[in-house]
1. For the range 379-399, indicate whether the set of residues that are without any contact (Cβ under 8 Å) to a residue 60 or more places away in the chain and either within 29 Å of the chain's Cα centre (by Cα) or at positive phi (or both) is non-empty.
2. For F582, which of the numbered conditions (1) farther than 29 Å from S358 by Cβ; (2) at pLDDT 95 or above fails to hold?
3. Within the range 455-495, which residues are closer than 18 Å to G527 by Cα and in a strand (DSSP E or B)?
4. List every residue pair whose Cβ atoms lie under 8 Å apart, where the two residues are 6 or more positions apart in sequence or sit on different chains, the first residue falls within the range 639-668 and is free of Cβ contacts under 8 Å to residues at least 60 places away in the same chain, and the second residue, located anywhere, is of a type in the set (D, E).
5. So which helices (runs of 4 or more DSSP H) are wholly in the range 512-585 and hold at least 1 residues that are more than 30 Å from N623 (Cα to Cα)?
6. Tell me the residue from A20, A50, A10, A15 that is without any contact (Cβ under 8 Å) to a residue 12 or more places away in the chain and outside the structural domain of Q146 (by TED's automatic domain parsing), please.
7. Within the range 515-526, is there a residue that is modelled with pLDDT under 95 and of a type in the set (S, T, Y)?
Amino acid sequence: MYLFFYIFVAVTASAVFVMAEEMIWNIIAFTVVGVLLIKMPNRFYIFIAAAAAYFSATYAVDNNFSVYTEDTYEYSGYVKGVSPTTGSSENFKIDFLTEEGERLLIYAEQKPETGSRCFISGKTSAPDSSRSPYQFDYQDYLFKQQVHWQVFSDKVSCTDGSFFGQWRDKREEALVSVGTAKGEGPPLAAALVFGDRKFIDRERIEQYQNMGVIHLLAVSGLHVGLITTAVWFLMVRIGLTKETAALLLIIILPFYMLFAGGAPSVLRAGSMTMIGLLFVLMNKKIPLFEICSITGSIFIFINPYIVYHIGFQLSFGTTLALLLSRRMLKGSGIRLILKVTLCAQLASLPFILYYFHSVSILTLAANIFFIPLISFVILPLSFAGVFASGVWQGAAAFMWKIMDFILGFMHFLLDFLESLPYQVLPVGALSAWMLLLLFISVYYIFKNWTKASAHVWTGVAALTFLLTFSIVSPYFDNRTYVHFLDVGQGDAALIELPNREAVYLIDTGGETVFTGEEMVMAEFGPGERTIIPFMKSRGITKVDKMILSHGHADHIGEVCTLTEKLTVSEVLYPAGEEMVPFAEEQIECLKEKEIPTVFVEKGDHWIEGEHSFEVIHPSGAGNYDENNQSIVLRAVVSETSLLFTGDIETLVEEELVRAGLLEHTDILKVAHHGSKTSSSRPFLEAVSPKVSVIQAGVNNRHGHPHEEIVQNLLGMNSAVFRNDQHGTVTFIIDEGKIYAIPYIKEKP
């Protein structure tokens with residue numbers, strides 16, 4: 001009987017019960033603890049552990065608040081860590097602990113030493129929260145680390161740091177030195193040795209993630225085990241007793257865990273090793289399975305919020321599954337590697353699907369090839385290169401060249417595997433119930449692995465059915481979905497026709513930033529930040545028509561990014577005599593990818609099933625500025641009329657009214673983000689919208705939408721939804737009825 005395992009399960013369930021945001025997880029957690037207390041022996045110890053975890057989690061939740069408000073303060077406290085901000089070596093992010101015991105994120109141009117006592121002044125501001133489904137929620141991420149505010153400061157005054165702080169700063173300098181070296185090898189070495197992959201190209205990270213080998217870019221338990229084993233044998237070979245070697249490793253490992261970045265996988269493996277070595281010193285034997293359970297329980301008692309960390313879930317979930325499966329992991333060579341990889345992939349599958357919404361069918365093959373290559377070739381080269389970089393740059397450069405050569409072959413193979421058609425299964429976002437059923441199916445497979453094969457195949461069949469159901473269910477959904485995505489100060493609307501007859505994307509949004517010299521497109525814009533995560537959550541990998549209303553960056557700025565990530569069948573663009581330079585750049589992207597571009601004008605129309613679409617502007621004979629050149633698209637889907645107006649202004653609105661091209665509209669995309677130069681009263685009276693959607697960014701510099709426009713719409717009894725107030729807004733159209741679902745609910 002694995003007492004510590006059942007204690008770990010009870011501790012995890014108690015923490016989840018306290019902190020869960022969905023009722024289903026409260027019910028599941030309560031049920032799990034109840035079953036353990038009824039069915040298992042030693043229930044007294046399980047009860048004590050569960051109760052202690054409950055009170056620990058309750059204490060953590062009750063004390064996770066801030067003493068500050070949004071205001072300017074002077075703070076005194078200590079620097080816990082310093083790192084350069086992304087894409088800059090002149091600005092720094094400071095992890096700061098105030099004397100009141102509250103953590104703050106400070107952004108400043110000055111770089112204090114870690115451990116130093118500082119006086120900092122600045123204004124608190126709340127971190128950005130998620131404004132669209134499945135968008136990364138930075139505010140929630142920091143909240144679970146008990147950080148409530150970020151401070152932008154221009155005044156930092158500090159004393160000298162501590163020895164430990166100076167050591168951390170030296171580590172950061174070494175990390176930057178390695179990570180910024182030329183080639184693909186050094187950034188990957190920085191990830192494997194220091195546990196920080198911020199220097200690896202974002203597209204490469206996405207590729208590893210898509211192929212299910214992202215865990216190879218982390219300092220994993222396998223890496224810690226290899227290093228610990230090597231050091232152990234080295235110390236024994238030079239004459240140290242096993243007891244002395246164990247004691248020295250217990251002393252050394254905490255420093256290595258900090259050096260390697262302190263990720264959950266590193267802490268788990270290092271802590272498990274230390275606990276195991278302690279039992280060696282006490283001449284006691286305990287199964288690795290129980291050591292892992294003890295380690296996980298300790299982590300949760302120290303920080304209950306860690307149960308939300310994907311690294312914690314994957315690390316402990318996969319490790320426990322492998323240890324539980326030790327009876328089936330027999331054999332050697334390729335056969336053993338295949339079994340271990342299969343078990344690890346199976347155990348991690350529910351987590352991967354829940355967080356990333358897709359899985360590659362080539363993941364198993366990729367892992368079988370890459371795990372030995374990374375672990376036994378790239379990892380030793382990484383350590384050798386990092387060591388050499390601090391001693392002899394020439395030797396380090398030689399190591400990096402060897403790594404670049406090997407990685408060139410490895411990434412060629414990765415590129416090839418990723419390019420294969422239909423290798424990614426777009427599962428989409430999973431409900432809590434579906435996730436629970438996946439876990440049950442995986443558990444059933446593990447439970448019956450060594451028994452009759454019929455039971456195993458029953459589990460495999462259940463797992464296959466669940467995955468198939470998730471993939472094909474949108475093709476049996478006869479409702480229409482229209483999503484007005486919050487892309488900041490820009491437009492992007494996604495239409496899903498019933499039964500996935502077609503998927504249309506109208507505009508892509510776009511974000512510009514000022515570099516000090518010129519305006520450029522943001523490196524991580526709304527395409528990657530909002531649109532791609534949303535589409536992955538919907539299981540969408542193909543867009544049948546991308547309709548670009550006109551050539552301004554806030555409408556088409558993400559064309560190149562999106563066409564890299566999605567299959568786009570056709571692009572529609574307004575016909576006209578001239579094209580602005582920015583639009584020419586985007587069209588060039590389409591040509592490179594051989595995506596056909598159709599130039600449309602008034603009178604063009606098409607039918608998709610029972611749904612009609614008609615372009616009512618621009619007219620080929622007109623001579624308009626870029627805003628007034630916008631495509632105006634009228635659609636009738638599921639007995640509901642929609643009007644998309646781009647950035648047209650009063651001039652075009654008057655033309656449309658005079659031509660009698662306007663009629664009652666159920667859903668109106670308000671022109672030009674609610675600008676006063678659009679949405680004239682005659683136009684609004686002609687379309688008489690039941691629902692109006694304004695796509696404008698929070699606190700945008702243009703002051704959109706104009707209050708007069710909003711009041712005019714409300715005065716016409718039109719329900720008004722705004723991206724700046726409601727985030728992404730989804731309309732579900734079912735048999736002519738419209739159901740609005742704003743991501744951000746209005747406060748009562």
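1. No, because not a single residue in the range 379-399 is without any contact (Cβ under 8 Å) to a residue 60 or more places away in the chain and either within 29 Å of the chain's Cα centre (by Cα) or at positive phi (or both).
2. Among (1) farther than 29 Å from S358 by Cβ; (2) at pLDDT 95 or above, F582 violates only (2).
3. Taking the range 455-495 as the starting set, the residues that turn out to be closer than 18 Å to G527 by Cα are 482-495.
Within the range 455-495, V482, H483, F484, A493, L494, I495 qualify.
4. Correct list of pairs: S641/E663; S641/D666.
5. Passing ranges, in order: 532-537, 559-565.
6. On the way: A50 fails: without any contact (Cβ under 8 Å) to a residue 12 or more places away in the chain; A10 fails: without any contact (Cβ under 8 Å) to a residue 12 or more places away in the chain; A15 fails: without any contact (Cβ under 8 Å) to a residue 12 or more places away in the chain.
Answer to the check: A20.
7. Yes; the residues of the range 515-526 include at least one that is modelled with pLDDT under 95 and of a type in the set (S, T, Y).
Each row is one residue, and each column tells you yes or no for (1) surrounded by 15 or more Cβ atoms within 10 Å (Cβ to Cβ); (2) modelled with pLDDT of 90 or more.
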| position | (1), (2) |
| --- | --- |
| F8 | yes, yes |
| I28 | yes, yes |
| T31 | no, yes |
| G34 | no, yes |
| P41 | no, no |
| A49 | yes, yes |
| Y54 | yes, yes |
| A57 | yes, yes |
| S76 | no, yes |
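The values are calculated or read from the model by the stated rules, or taken from the named source; none is laboratory data. In this text the structure is predicted, and so the values were computed from the model without any measurement. Quick reminder, even Gly has a Cβ in these numbers, built from the backbone with ideal geometry, and neighbours come from all protein chains shown.
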